1. Does ALA166 qualify as being surrounded by fewer than 17 Cβ atoms within 10 Å (Cβ to Cβ) and at pLDDT 95 or above?
2. Sort through ILE37, ILE27 and tell me the only one that's in contact with a helix residue (DSSP H, G or I) (Cβ under 6 Å, 6 or more places away or on another chain), under 21 Å from LEU155 (Cα atoms), aliphatic (A, V, I, L, M) and buried (at least 18 other Cβ atoms within 10 Å of the Cβ).
3. Is there a residue being without any contact (Cβ under 8 Å) to a residue 12 or more places away in the chain and either within 17 Å of VAL193 (Cα to Cα) or of a type outside the set (Ser, Thr, Tyr) (or both) anywhere in the range 169-176?
4. Looking at the range 77-143, what strands (runs of 3 or more DSSP E) fall wholly within it and have at least 1 residues that are hydroxyl-bearing (Ser, Thr, Tyr)?
5. Determine which single condition GLU157 fails, assuming it passes every other condition in (1) within 21 Å of HIS91 (Cβ to Cβ); (2) part of a strand (DSSP E or B).
6. Can you go through PRO72, PRO46 and tell me which one is surrounded by fewer than 12 Cβ atoms within 10 Å (Cβ to Cβ) and more than 22 Å from ALA166 (Cβ to Cβ)?
7. If I ask for residues that are part of a strand (DSSP E or B) and surrounded by 20 or more Cβ atoms within 10 Å (Cβ to Cβ), which ones from the range 170-196 would you list?
Amino acid sequence: MEGACLRIGLITDTHQPVGTAELAPEIHAAFAGVDLIMHGGDIVHPIVLDWLEAIAPVVAVRGNNDVGWDDPRMAAVQRLEVEGVRIAMVHDMEPEDRPIELLRELYLDGEHADVVVTGDTHFERMDYREGVLQVNSGSPTLPHHWSYRLGTVGLLEVGGGRVSSARIVRLGETPGLRNPGVEFEYTPAGGVVRLG
């Protein structure tokens with residue numbers, strides 16, 4: 001269908017809490033209608049990928065806490081071309097504000113990507129520079145390394161060979177525990193805007 005966009009859910013650093021039996025309903029609500037989910041690592045247990053796959057197909061990268069298990073949905077680096085947009089995902093590119101060319105050489109074997117998705121920091125970040133959109137969606141469960149509580153996820157829309165929009169969204173508040181997450185939005189016309 002002409003003009004249609006593909007919607008991608010971005011999530012990272014879930015660090016599945018012990019005793020958790022399912023994803024938070026706020027994650028389900030945020031990812032309603034997505035066509036693909038990309039997990040940026042520190043999954044901790046493969047059941048998280050199963051839970052996400054009940055929403056949409058999943059690809060993931062291995063984080064530094066993903067040890068002792070393997071999964072065919074997971075790789076060290078994921079490279080996808082979606083609707084003409086090249087997306088690369090790596091768990092850790094810290095510091096993420098180094099020159100894009102250096103990040104490309106260090107983590108992507110010199111290959112170009114239109115969108116680079118990362119994780120590890122537990123701090124949400126969005127930047128557009130040197131023709132590349134960088135998105136770190138933070139953590140939905142352990143935001144800013146605080147105690148377990150609701151945090152943030154990301155949404156990316158691509159179509160017609162370009163990124164139509166990207167957003168980092170707060171998942172709400174855990175009773176008695178503040179969500180420290182910050183929302184960001186990107187559009188080609190407006191660039192990256194911090195929303196709160």
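1. On the way: surrounded by fewer than 17 Cβ atoms within 10 Å (Cβ to Cβ): no; at pLDDT 95 or above: yes.
So ALA166 fails the test.
2. On the way: ILE27 fails: in contact with a helix residue (DSSP H, G or I) (Cβ under 6 Å, 6 or more places away or on another chain).
Going through ILE37, ILE27 in turn, just one is in contact with a helix residue (DSSP H, G or I) (Cβ under 6 Å, 6 or more places away or on another chain), under 21 Å from LEU155 (Cα atoms), aliphatic (A, V, I, L, M) and buried (at least 18 other Cβ atoms within 10 Å of the Cβ): ILE37.
3. Taking the range 169-176 first, the residues without any contact (Cβ under 8 Å) to a residue 12 or more places away in the chain are 175-176.
Filter once more, so that each one left must be either within 17 Å of VAL193 (Cα to Cα) or of a type outside the set (Ser, Thr, Tyr) (or both): 175-176.
Within the range 169-176, one or more residues are without any contact (Cβ under 8 Å) to a residue 12 or more places away in the chain and either within 17 Å of VAL193 (Cα to Cα) or of a type outside the set (Ser, Thr, Tyr) (or both).
4. Numbers: elements: 77-82, 85-90, 115-118, 124-129, 132-137.
Of the strands (runs of 3 or more DSSP E) lying wholly inside the range 77-143, those with at least 1 residues that are hydroxyl-bearing (Ser, Thr, Tyr) span 115-118, 124-129, 132-137.
5. Status for GLU157: all satisfied but (1).
6. Numbers: PRO46 fails: surrounded by fewer than 12 Cβ atoms within 10 Å (Cβ to Cβ).
Criteria check complete, one pass: PRO72.
7. First pass over the range 170-196, keeping only residues part of a strand (DSSP E or B): 170, 174, 177, 184-187, 191-194.
If the condition is that a residue be part of a strand (DSSP E or B) and surrounded by 20 or more Cβ atoms within 10 Å (Cβ to Cβ), then ARG170, PHE184, TYR186 are the ones that fit.
Okay, residues lined up against (1) surrounded by fewer than 21 Cβ atoms within 10 Å (Cβ to Cβ); (2) modelled with pLDDT of 95 or more; (3) under 15 Å from ILE37 (Cβ atoms); (4) touching a Lys or Arg at 6+ places or on another chain (Cβ under 6 Å):
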| position | (1), (2), (3), (4) |
| --- | --- |
| ALA113 | no, yes, no, yes |
| HIS122 | no, yes, no, no |
| ARG129 | yes, yes, no, no |
| GLN134 | no, yes, no, no |
| SER137 | no, yes, yes, no |
| TYR148 | yes, no, no, no |
| GLY154 | no, yes, yes, no |
| ARG162 | yes, yes, no, no |
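The values are calculated or read from the model by the stated rules, or taken from the named source; none is laboratory data. These numbers come from a predicted model, not from an experiment. So basically every Cβ, Gly included, is an ideal-geometry build from the backbone, and we count neighbours across all protein chains shown.
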